[in-house]
Amino acid sequence: MVSTYRVAVLGARGVGKSAIVRQFLYNEFSEVCVPTTTRRLYLPAVVMNGHVHDLQILDFPPISAFPVNTLQEWADACCRGLRSVHAYILVYDICCFDSFEYVKTIRQQILETRVIGTSETPIIIVGNKRDLQRGRVIPRWNVSHLVRKTWKCGYVECSAKYNWHILLLFSELLKSVGCARCKHVHAALRFQGALRRNRCAVM
């Protein structure tokens with residue numbers, strides 16, 4: 001039986017969230033920054049430990065605020081489907097303090113407004129542009145401690161440009177949404193190439 005998980009990717013402008021998704025799906029990176037202006041849906045199939053999982057990755061443009069109810073969610077085309085996902089990936093640029101503040105605000109709004117149900121919806125905080133380590137504005141330990149200990153969220157640093165920790169991010173995602181077969185997946189994952197357009201495999 002194939003499990004399906006809906007995932008929302010959010011972040012301020014220029015943090016590289018779309019670059020992370022494209023690196024994961026197509027193993028490619030562009031130096032040209034093209035702002036995300038509309039919601040984009042990707043439908044990859046992920047194979048882990050011999051089991052297939054369908055992902056519905058929703059790449060959202062920067063939003064001014066998380067929709068407080070379903071009416072507001074569907075009134076704005078850019079926010080449709082945002083409140084009903086299984087997990088959130090919140091991306092910030094490790095060299096930009098304002099982008100971290102944006103993630104901080106959106107996370108708080110998710111907790112305050114989303115109808116969670118019987119269990120908490122996983123949130124993974126992602127620090128992108130790890131290749132620009134020398135320009136970091138907040139020490140890694142400080143962020144990691146805040147996110148993991150205080151916010152109780154997952155935390156991954158990655159580089160979309162060099163495809164560093166991209167697969168780790170998505171393996172952590174599957175673990176966070178309760179994929180029992182993914183609990184003991186080793187971090188050294190390998191990209192197998194596209195099965196067809198918008199399809200990928202993690203072994």
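A few points about this structure:
- There is at least one residue in region 84-97 that is farther than 14 Å from VAL9 by Cβ, at pLDDT 95 or above and open to solvent by 60 Å² or more (accessible area, probe 1.4 Å).
- Of everything in region 8-30 that is over 26 Å from SER64 (Cβ atoms) and free of Cβ contacts under 8 Å to residues at least 60 places away in the same chain, the residue that is nearest to the chain's Cα centre (by Cα) is GLU28.
- Filtered residues of region 72-83 (kept if of a type outside the set (Asp, Glu), outside any helix (DSSP H, G or I) and open to solvent by 20 Å² or more (accessible area, probe 1.4 Å)): ARG80
- Yes/no for VAL15 being open to solvent by less than 10 Å² (accessible area, probe 1.4 Å), in a loop (DSSP other than H, G, I, E, B) and of a type outside the set (Lys, Arg): yes
- When VAL34, VAL85, VAL2 are checked against the criterion of being over 19 Å from GLU157 (Cα atoms) and free of Cβ contacts under 8 Å to residues at least 24 places away in the same chain, a single residue qualifies: VAL34.
- Selection within region 44-55 - open to solvent by 50 Å² or more (accessible area, probe 1.4 Å) and either of a type in the set (D, E, K, R) or at pLDDT 95 or above (or both): none
- For region 57-71, the set of residues classified as open to solvent by 50 Å² or more (accessible area, probe 1.4 Å) and either within 25 Å of GLY14 (Cβ to Cβ) or assigned to a loop (DSSP other than H, G, I, E, B) (or both) consists of PRO62, SER64, VAL68, ASN69, listed by residue number.
- Residue among GLU120, GLU101, GLU112 that is assigned to a helix (DSSP H, G or I) and modelled with pLDDT under 95: GLU112
The values are calculated or read from the model by the stated rules, or taken from the named source; none is laboratory data. Remember, it's a predicted structure, so these values are computed and weren't measured experimentally. When we count neighbours, we look across all protein chains shown, and the Cβ atoms used for this are built from the backbone with ideal geometry, even at glycine. All accessible areas refer to the heavy atoms of the entire protein, side chains included, with ligands and DNA or RNA removed. Shrake-Rupley method; radii C 1.70, N 1.55, O 1.52, S 1.80 Å.
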